[in-house]
1. What whole-number distance in Å separates the alpha-carbon centres of segment 153-211 and segment 1-75?
2. Let me know the charge dipole size of segment 17-121 about its Cα centre in debye, to the nearest 20, where only the beta-carbon of Lys, Arg (+1) and Asp, Glu (-1) is charged.
3. Which value in Å does the Kirkwood hydrodynamic radius of the chain take, with 1/r averaged over all unlike C-alpha pairs and then inverted?
4. Using a Förster radius of 25 Å, what is the FRET efficiency between residue 109 and residue 75 based on their Cβ-Cβ separation? Nearest 0.05, please.
5. So for 184, 26, what's the accessible-area order with a 1.4 Å probe, most first?
6. In nm, to one decimal, how far is the residue 48 label point from the residue 68 one, both placed 7 Å along Cα→Cβ?
7. Using a 1.4 Å probe on the protein heavy atoms, what percent of the accessible area of the chain belongs to carbon and sulfur?
8. Gain in length, residue 235 to residue 25, computed as 0.36 nm per residue apart minus the alpha-carbon separation, to one decimal in nm?
Amino acid sequence: MRDLTLPARWRIALLLPALIIFTAFWLIPIGVLVRISAGNNFFDTYGAILSDSRYLTSLWQTVLLSLIVTAATIVLSVIAGLFLSHNEFAGKRLLVSLLTLPLAFPGVVVGFMVIMLAGRQGLIGSVSQALLGHKLVFAYSMSGLFLGYLYFSIPKIVLSVMAAAQSMDQSLTEAAHSLGAGSWEVMRDVTLPALTPALIASGAICFAISIGAFGTAFTLATDINVLPMTIYTEFTLNANLVTAAALSVILGIVTWAILMLARNVAGTTMVAGG
């Protein structure tokens, strides 16, 4: 049997482009960002930020909003994904295409669509004015931002759910039904455990995208205090590069920690399920 292992020089040559890209577009920029964030004294800079109630409020609101968006997205996507993967009907492909259409829109466009729906001249405002006598406007608040994040998060998890559901071993479901399990019992004991690794992984990506999303928040940012907007304000309006860099590092650390936690949990779940 031939040894197909590449020589060391070829492995290095194949790995070199990835290393160059990693160094140029991640390692060096992150190093510069951390250096700027240190200011005159690393501990003083981060201590001042982590003791400032305005920055802490912005951080916790951002994390909480991203967690709520992720939870709501998973629930809605599981329902829609399982239905689409288990049922065939006329127009299914068109419906799936429409569900994935938000993936093509940048955050600014999504924000504009939220304004058209729940802004001062939006559809919800017009309907509430006719029915209740006053306009219901929430596009420029956390509720509007939640709606925008939900809009562009659902397609990603729906596709993951559909792929995971279609790759499931259907004999497990059939065996559960043959043993007398009802639909809800099969869902609880067979389907959801099988989907859990995919849901954790896609949920982590959804969280990471939501916590760092800027375009939608920028479009709707009237009464919104999320960390990407705080960083933008510190950088552009206040010209405070040190604080903006430090907040960026903190945002990156929080996102990285959540992704690592999700990866470990998904791995443990997969091993336990296997």
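1. So the two Cα centres are separated by 29 Å.
2. Roughly 240 debye for segment 17-121.
3. One over the average 1/r among Cα pairs gives 21.9 Å for the chain.
4. Between residue 109 and residue 75 the formula returns 0.50.
5. Order by accessible area, largest first: 184, 26.
6. Between residue 48 and residue 68, the simple spin-label model gives 3.2 nm.
7. About 71 percent, which is the carbon plus sulfur part of the accessible surface.
8. 73.5 nm
The values are calculated or read from the model by the stated rules, or taken from the named source; none is laboratory data. It should be emphasised that the depicted structure is a prediction, and the values quoted were computed from it without experimental measurement. Please note: Cβ atoms are built from the backbone with ideal geometry, for glycine as well, and neighbour counts cover all protein chains shown. Ligands, DNA and RNA are stripped out before the accessible areas are found, and what is left, the full protein with its side chains, is counted by its heavy atoms. Shrake-Rupley method; radii C 1.70, N 1.55, O 1.52, S 1.80 Å.
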